[in-house]
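Colleague: The structure's right below; bear with me while I get my questions together.
Bear in mind these aren't lab numbers, they're just calculated from the coordinates by the rules spelled out. The structure presented is a predicted model; accordingly, all values stated were derived computationally and were not measured. We place every Cβ from the backbone using ideal geometry, glycine too, and count neighbours over all the protein chains shown.
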């Protein structure tokens, strides 16, 4: 029974192929450019929507870090508020309370604290459903 099914399958495949050699692709260059165009378009969209704004944000953060000085009130990435009391090339000493000082890397400073009445430049978006 299995040999009968196998024989019919082989006969059907032989009838479809006809034994002719495969034909060369027609207009191969157009097919290639047709596939390449959407990929390039996606890369351009990703660059302008994701990569370029991220690079601008990183450059702005580096400039802010370079402009820090003693007495600046800052916010760290962990949410600690403090005033800069000392600085080196890589570290910052923050006074977070009277006579309470912590050292941290400059790169962990998120932003300067806004003055009274000012709004922060880049507030973090609320989580979905957050108020």
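Colleague: Only counting other Cβ atoms within 10 Å, I'd like 51, 80, 109 sorted with the fewest neighbours first.
Modeller: So the residues, fewest neighbours to most, are 51, 80, 109.
Colleague: May I pose another question? List 96, 74 from most exposed to least, where exposure is judged by having the fewest other Cβ atoms within 10 Å.
Modeller: Ascending Cβ contact count within 10 Å gives the list 96, 74.
Colleague: How much FRET efficiency would the formula 1/(1 + (r/R0)^6) give for residue 73 and residue 35, where r is the Cβ-Cβ distance and R0 is 35 Å, rounded to 0.05?
Modeller: 0.05
Colleague: Multiplying the sequence separation of residue 89 and residue 47 by 0.36 nm and subtracting their Cα-Cα distance, what value in nm do you get?
Modeller: 11.9 nm
Colleague: Counting other beta carbons within 10 Å of each residue's own, what order do 100, 92 fall into, fewest first?
Modeller: Exposure proxy ranking, most exposed first: 100, 92.
Colleague: Let me ask another. Using only the alpha-carbon atoms, what does region 46-123 span along each of its principal axes? Please give whole angstrom values in decreasing order.
Modeller: The Cα atoms of region 46-123 stretch 48, 32, 20 Å along their principal axes.
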